[in-house]
Amino acid sequence: SPVQQQVQVSRDDKSTTLSLDVPGLASEQLKLSIDGAVIRLESAEGASRQVKRAWELDHEIDAAASKAKLEHGVLTLTLVKLEPQSKATELAIE
């Protein structure tokens, strides 16, 4: 049976950080996708190990501000909370 990778989770008020071991996999063998509050991790076909995981966070993810780093076989995902944008606009008085 596939080994369930342990995931370390840490949170602050701006982001959630996930880190997990993916030994033997290069960054180009991993695919990440973000959809709302869900992040999915999948290994590419032909990779030496198959990985398929998904996590649902308690906040929507700002994909543009988030980061993924693979170092020494550890993948670290820093998933920034998507702040609701205010639609109010200031109007200058001439």
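Condition check ((1) modelled with pLDDT of 95 or more; (2) part of a loop (DSSP other than H, G, I, E, B); (3) touching a helix residue (DSSP H, G or I) at 6+ places or on another chain (Cβ under 7 Å)) across all residues:
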{"position": "LEU32", "(1), (2), (3)": "yes, no, no"}
{"position": "LEU70", "(1), (2), (3)": "yes, no, yes"}
{"position": "LEU77", "(1), (2), (3)": "yes, no, no"}
{"position": "LEU91", "(1), (2), (3)": "no, yes, no"}
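Under the condition of being of a type outside the set (Val, Ile, Thr) and part of a strand (DSSP E or B), which residue from region 79-89 is least open to solvent (accessible area, probe 1.4 Å)? Here the answer is LEU79.
One line per residue, one yes/no per condition, for (1) hydrophobic (A, V, I, L, M, F, W, C); (2) in contact with a strand residue (DSSP E or B) (Cβ under 8 Å, 6 or more places away or on another chain); (3) free of Cβ contacts under 8 Å to residues at least 24 places away in the same chain:
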| position | (1), (2), (3) |
| --- | --- |
| GLN29 | no, yes, yes |
| GLY36 | no, yes, no |
| GLU45 | no, no, yes |
| LEU75 | yes, yes, no |
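Considering only residues in region 34-44 that are surrounded by 13 or more Cβ atoms within 10 Å (Cβ to Cβ) and either in a strand (DSSP E or B) or among the polar types (S, T, N, Q) (or both), the one that is farthest from the chain's Cα centre (by Cα) turns out to be SER43. Answer yes if at least one residue in region 65-76 is under 10 Å from the mean Cα position of the chain (by Cα), crowded, with 17+ Cβ neighbours inside 10 Å and among the polar types (S, T, N, Q), and no otherwise. Within region 65-76 (the criterion being under 10 Å from the mean Cα position of the chain (by Cα), crowded, with 17+ Cβ neighbours inside 10 Å and among the polar types (S, T, N, Q)), the answer is yes, since at least one residue qualifies. Please verify whether region 45-62 includes one or more residues that are outside any loop (DSSP other than H, G, I, E, B), over 14 Å from SER33 (Cα atoms) and open to solvent by 40 Å² or more (accessible area, probe 1.4 Å). No, region 45-62 has no match at all.
Only one entry in SER19, SER10 is under 21 Å from LEU82 (Cα atoms), among the hydroxyl-bearing types (Ser, Thr, Tyr) and exposed (fewer than 14 other Cβ atoms within 10 Å of the Cβ), namely SER10. Identify all residues within region 46-71 that are of a type in the set (Val, Ile, Thr) and farther than 12 Å from THR17 by Cα; write none if there are none. Passing the criteria: only VAL51.
The values are calculated or read from the model by the stated rules, or taken from the named source; none is laboratory data. The structure presented is a predicted model; accordingly, all values stated were derived computationally and were not measured. Ideal geometry is used to build each Cβ from the backbone, glycine not excepted, and the neighbour counts take in all protein chains shown. Quick note on the areas: whole protein, heavy atoms, side chains included, nothing else; ligands and nucleic acids left out. Shrake-Rupley method; radii C 1.70, N 1.55, O 1.52, S 1.80 Å.
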